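Here's the structure we're looking at; comments come further down.
The values are calculated or read from the model by the stated rules, or taken from the named source; none is laboratory data. A quick note: this is a predicted structure, and the numbers were derived from the prediction, not measured. Cβ coordinates were reconstructed from backbone atoms using ideal geometry, including for glycine residues, and neighbour counts include every protein chain displayed.
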Amino acid sequence: MEIAFWILSAITVIGAILAITMRNLVHCVLSLILFFLGIAGHYLLLRADFLFAVQVLIYIGAVAVLILFAIMLTRHVTGTEGPREVLGGKWWAGMGTAVIIAGLLWAIIRKDPLAAMLPAGMASTSVTEIGRALVADWLVPFEAMGVLLTAALIGAVVIALEEVIRKR
Amino acid sequence: MNVSLDHYLMLSAFLFAIGLCGALSRKNAIIVLMGIEIMFNAGILNFVAFWHYKYFAVLTAQMFAIFAISIAAAESAIGLALVIAVYRHYQSIDVDEMRSLKG
Amino acid sequence: MDQVYKVAPQLLKFLSYLLGWLPWIGKPVAGFLSNPPAWFLLAVAIAIPILFVVSVFPGIFAYTTLVERKALGRIQNRIGPNRVGRWGLLQPIADGVKLLTKEDIVPRSADKFVHFLAPVIAVIPSVLLFSVVPVGAGLVPVDLNIGILFAFAISTASVLALFMGGWASRNKFSLLGAMRAVAQVVSYEVPMVLAAVAVVMAAGSLSTLAIAKAQGGGILNVTHWFVFRPWGFVGFILFTIGAMAESARTPFDIPEAESEIIAGYHTEYSGFKFALFQLGEYLASIAMAGITVTMFLGGYNGPGSGPGILGGLISMFWFFAKLGGMIVLTIWIRGTWPRVRVDQLMSFAWKVLLPMSIVNIVAVGMWHYIAIRPIAWVVTTLWLVLWFITLSKLAASENIEKREYRYAS
């Protein structure tokens, strides 16, 4: 458990850092996939099997592939950028904010260690329970999610197709 | 030393900061979106860690995680469609160049 | 794994009996094996399924290539490989030696690291797929309670390998092949998962073992197979088409269409890396055939299958026989069907397969709620047939114009 935690954490952190620092866009996405895989591994370690499958299916199978497609549609195929166009205008402000927030969160977590007062659980939830919960207690959010996803689907198609329609 | 909830909270705080850094300081719109995805994942990891260590019998955290993942998928689809639309207009996806409100 | 865990002590006893005759190390090894510690038992129980998967399925892959070449030869009125060994039986070994000793060429402008990583990643998900395929009564490497979902999640990851290979080669044909592969796999994923949802609804579980178990019983362990239900039959066809498209088998092999884009995403690969791509592709195809067998063709169920050693052996026989049948079916389809066009492929997935799989889910619901079986049979069959006719009419009515021959009359 412990070794696995550290290995997976290293994978996630390295993946995340590479994803936002690399120059080549496709390399960025590949490191993002590494990050997603690490998070999926963490879910497995936390006994959330279903979330593991959902993470791999949605993030690696759908979101990452979608981003790859977007890169192919917007950039030169190589995906490389020039030397000076990586960072935005006020990059120092962004980095400063990130560092401050990291420090704040770190201080808050250090101040009230929750671990001492909580026992560690060692069971796993079956998919059956999740399925029942989804169509019983969480029915309304579940249906709303369906509506939201449909709206997002149609919206994405409309936004991406806009220019083509105008030309006709 | 066992792995505790605090470890997960710190990991996810760290990941959140990395994602924020990427979203705020990179110029490329797609990388900004990727930073947002990293922040999303850090938050969801928090939910799952809390579920594992505290509310084990209650499924609320897992449900939140599932809904958050679906919303993230919808968000990335819309975001990328916007990126493509913006690219068609400006021939560039640098967030610094999207300054005018006129179409 | 659980089954293996139970059998492992006997197995080790047997081994210790065999090894006890050896001089020097015989006695201590035999003593260790006949009374093993718990961690060793666990390690053996984990190692045996892994060894099984890693040894048996690549063997099946090797001989699938031979059978494929022979069968295609016969279909095309040729003989096929027959030089190496009797009936060409050593041909796979010769192929392996050839591929291993070939020069490994990497294009100068290629992205070296990604180019190297792609074939490796192509194999990993394909091998992982086998971890949820039950090969006999209770014999599954890992009985995950998310089995089918795990299989789909893993098989999606194989897209990445295709994309990485195509992109890293810096070759326009490779890139075109990769884009085609990604678009195809992503769009065929949807009807395939929905076809599987029907089965999951009927069996009431995502675990592959439970799904196979739900198809036991009936006359000779055969009549309860899901393929002998109206929805199961439709689902079987949908799933088989989806699985073939997912693993880019011939009617859907546009990612590597030789006559259009050379070899698609593996144009720039040679030698061992090319072999790895092939291995990954075929293993994924075999694993998908195994999952099809598990979900629709009754899995390991067949006349004489059941618990116990004899029943287990018979169930393994039935599983592998059905697996072979599915492999031969895909080869047969490959030999007899022309390749589809890209636009045909996409419109077929979104306009025919997707609505049909949703209709199929409704049919399973009807089947579940109509208590009297004959009525359920009639209603679901009528429902499915009517929708099939409507959808095929709708799909056929568009865009078929009389072809104008400009240069030939």
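Condition check for A:ALA62 on (1) at pLDDT 80 or above; (2) under 26 Å from C:ALA153 (Cα atoms); (3) buried (at least 19 other Cβ atoms within 10 Å of the Cβ): one failure, at (3). Taking each residue of the range B:67-81 that is on the phi < 0 side of the Ramachandran plot and free of Cβ contacts under 8 Å to residues at least 60 places away in the same chain and looking for partners that are crowded, with 19+ Cβ neighbours inside 10 Å and of a type in the set (Asp, Glu) with beta-carbon atoms closer than 9 Å, six or more apart or interchain, yields B:ALA72/B:GLU37; B:GLU75/B:GLU37; B:SER76/B:GLU37.
Reported count of residues in the range B:1-15, each being facing chain A (nearest Cβ under 7 Å) and aromatic (Phe, Trp, Tyr), is 1. Considering the range C:214-261, and only residues there that are assigned to a helix (DSSP H, G or I) and in contact with a Gly (Cβ under 6 Å, 6 or more places away or on another chain), the residue that is nearest to C:ALA363 (Cα to Cα) turns out to be C:PHE226. Restricting the range B:33-73 to residues that are more than 9 Å from chain A (Cβ to nearest Cβ) and under 12 Å from the mean Cα position of the chain (by Cα) leaves a set whose member that is surrounded by the fewest Cβ atoms within 10 Å (Cβ to Cβ) is B:ALA68. For the range C:55-65, the condition of being within 26 Å of the chain's Cα centre (by Cα) and over 29 Å from C:ILE154 (Cβ atoms) holds for none of the residues.
I'd like the full set of residues that are more than 9 Å from chain B (Cβ to nearest Cβ) and surrounded by fewer than 23 Cβ atoms within 10 Å (Cβ to Cβ), limited to the range A:39-49. Of everything in the range A:39-49, those that are more than 9 Å from chain B (Cβ to nearest Cβ) and surrounded by fewer than 23 Cβ atoms within 10 Å (Cβ to Cβ) turn out to be A:GLY41, A:LEU44, A:ASP49.
Looking only at the range C:228-275, count how many residues are closer than 22 Å to C:PHE348 by Cβ, aliphatic (A, V, I, L, M) and either modelled with pLDDT of 80 or more or out of contact with any Asp or Glu (no Cβ under 8 Å at 6 or more places or on another chain) (or both). Residues that pass the stated criteria total 9. Just wondering, is there one or more residues in the range C:125-138 that are over 30 Å from C:GLY306 (Cα atoms) and either surrounded by 18 or more Cβ atoms within 10 Å (Cβ to Cβ) or without any contact (Cβ under 8 Å) to a residue 12 or more places away in the chain (or both)? Looking through the range C:125-138, at least one residue is over 30 Å from C:GLY306 (Cα atoms) and either surrounded by 18 or more Cβ atoms within 10 Å (Cβ to Cβ) or without any contact (Cβ under 8 Å) to a residue 12 or more places away in the chain (or both). Are any of the residues in the range C:266-279 part of a helix (DSSP H, G or I), on the phi < 0 side of the Ramachandran plot and hydroxyl-bearing (Ser, Thr, Tyr)? No.
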